[in-house]
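Before any comments, here is the structure.
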């Protein structure tokens, strides 16, 4: 992503911060709903925010982890957890959940793109790169739900989420193989993922159920 | 496993394909039973098929993962998931479950043997090699059940599964230390594991419950 | 921890053995309560005893794992599982649970200290070292509860556990940066963690609930 203009870099950073905060908040809300204690709420927030990227780095054998290089993100999420516990009340839950849908969708697109990008840099096959993108974007939420003793939302709410990420990941792979600039592919991946996710929420698309 | 004859190599490949398909189908069936959406069914199928081997490679620090070297296995399981969703109906579930018992038992034996083999090549102690074999064979199913929010079947259905794998793994370790050819040890491990598993199913052996 | 006197080394080993046994017993008891079969009880015991340290080594990319270097610990826990299944009856459960509270608290302190120590040796930032300490001490229990299909006790019983470890970990980091001898920092970390945990149990401290 060498040729990205400065305003693009700033925009990317903003999306990353907004996306991480949205992921963390989804964990905090779920922890609060499950009546976890203060420690549990923080852990679930951290898992939701950093779980997917950590799993990607673990599978791709990349060290140091991204949150070791950017330890200020850990402090940020910790602050967010404390602030949420001080100021967030039950009547804010539904509002917050609606408010984080857009940063969540944008963050999903960005995290998927980084997972695909890292895998392609390591010359992994296209399908593997797509799977790594999905893992980066989706498995934070999966870990969050597993620890909260729920079936992962991404797998049974019948609303397209991983599927939008899947489409966005293939867009990134395609543009990469066409030799497009890294930041164009990134922008396209985020746009497709977040756009499809937005459409799915707006038109209330449903994933097909099992025809049993 | 250098001295394996060609027909042995072909046989091994057939068992690997059959075993992977059986593991994936066990995940697909469980996902369908839990009424997951299309994405969830695929993910659980993938976890059941590749989870154990991935965990082994992660613990042994072996890269690239086996499914990166054999990316056609990923495509195969993806195709299997789509086909299952198109053609498998509820009335087929019980039949399918009985039909996959044998390939599942053979696959279990093979996956255990590969886990033990890799560990012994890395000169790990015997007990560690046996545990790695168990993890390879059993933890795909464990991940499948954890994501589906169930206590892992292997741990509470009181029917010997991991125990057959345990016996097979020790057979492999024993023959290895006697200096037997790799493919003889492999065949013995698969025979013992699958044979014990078959006996256990046929005679309806029960693991002792906790004498509380 | 080079300058530790011999009696200190012996004490450390005793705490490590007692702590590992307490962790394993917590897993065995939970497995027995959930009516797992013999295999399941053993696996949950192993996860509780070795899960946290393994996750630490995986995240810090340290091989061989500590239980590969000390394979006698695996044999010890295996023996403990078998003995527990033979001799532990339901009426012993409550007694055992009370009896393991102290070794558990001491073990928690020791495991946290080793996680922090390893991270500081790798020159990781202070917050990351603290998190690694927490993961070492707490995530064995988390894995135990996740496999048993429970919300992790450490996250929702409203009794300080991870928080005591958090305090102990910061003590270790602080003393390290002051240049204190390794074994003094270790002793302080164990004392603070186990002391706070003991106080919390004795005075029945409660973590604040979510003010919903």
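Only one of the listed residues (A:140, A:133, A:115, A:168) is within 30 Å of residue C:153 (Cβ to Cβ) and buried (at least 24 other Cβ atoms within 10 Å of the Cβ). That residue is A:140. Scan the stretch A:136-152 for residues that are assigned to a helix (DSSP H, G or I) and more than 8 Å from chain B (Cβ to nearest Cβ) and the total you get is 10. Looking across the stretch A:30-65, just one residue is outside any helix (DSSP H, G or I), over 22 Å from residue A:17 (Cα atoms) and more than 7 Å from chain C (Cβ to nearest Cβ), and that is A:61. Pairing residues of the stretch C:194-212 that are within 13 Å of chain A (Cβ to nearest Cβ) with residues that are at pLDDT below 90 and exposed (fewer than 12 other Cβ atoms within 10 Å of the Cβ), at Cβ distances under 8 Å and at least 6 apart in sequence or on separate chains, gives C:211/A:89; C:212/A:89; C:212/A:90.
Residues being in contact (Cβ under 8 Å) with a residue 40 or more places away in the chain, away from chain C (no Cβ under 14 Å) and in a helix (DSSP H, G or I) are entirely absent from the stretch B:153-163. Residue A:100 meets the conditions (1) touching a residue at least 60 places away in the same chain (Cβ under 8 Å); (2) surrounded by 21 or more Cβ atoms within 10 Å (Cβ to Cβ) in every case but one. The failed one is (2). Residues in the stretch B:113-135 that are within 14 Å of chain C (Cβ to nearest Cβ), assigned to a helix (DSSP H, G or I) and either in contact with a strand residue (DSSP E or B) (Cβ under 6 Å, 6 or more places away or on another chain) or in contact (Cβ under 8 Å) with a residue 60 or more places away in the chain (or both): B:118, B:132, B:135.
Candidates in the stretch B:150-165 are the residues that are modelled with pLDDT of 90 or more and within 14 Å of residue C:34 (Cβ to Cβ); of these, the one that is nearest to the chain's Cα centre (by Cα) is B:154.
Going by the conditions given, is residue B:7 within 14 Å of chain A (Cβ to nearest Cβ) and in a helix (DSSP H, G or I)? So residue B:7 does not fit the description; no.
Residues in the stretch C:79-92 that are under 20 Å from the mean Cα position of the chain (by Cα) and either within 11 Å of chain B (Cβ to nearest Cβ) or surrounded by fewer than 12 Cβ atoms within 10 Å (Cβ to Cβ) (or both): 2 in all.
Of all residues in the stretch A:1-49, none satisfies the criterion of being within 20 Å of residue C:166 (Cα to Cα) and surrounded by fewer than 18 Cβ atoms within 10 Å (Cβ to Cβ). Among the candidates B:61, B:57, the residue that is out of contact with any helix residue (DSSP H, G or I) (no Cβ under 7 Å at 6 or more places or on another chain) and at pLDDT 90 or above is uniquely B:61.
Mind listing whichever residues of the stretch B:1-59 are under 17 Å from the mean Cα position of the chain (by Cα) and over 19 Å from residue B:152 (Cβ atoms)? Matches in the stretch B:1-59: B:11, B:12, B:13, B:14, B:15, B:16, B:17, B:18, B:20, B:21, B:57. Note on the stretch C:177-191: among residues that are surrounded by fewer than 21 Cβ atoms within 10 Å (Cβ to Cβ) and in contact with a helix residue (DSSP H, G or I) (Cβ under 6 Å, 6 or more places away or on another chain), the one that is farthest from residue C:101 (Cα to Cα) is C:183. Please tell me if residue B:76 is closer than 30 Å to residue C:60 by Cβ, in a helix (DSSP H, G or I) and more than 7 Å from chain A (Cβ to nearest Cβ). So residue B:76 does not fit the description; no.
The values are calculated or read from the model by the stated rules, or taken from the named source; none is laboratory data. Computed from a predicted structure; not experimentally measured. Glycine also receives a Cβ, built like all others from the backbone with ideal geometry; neighbour counts cover every protein chain displayed.
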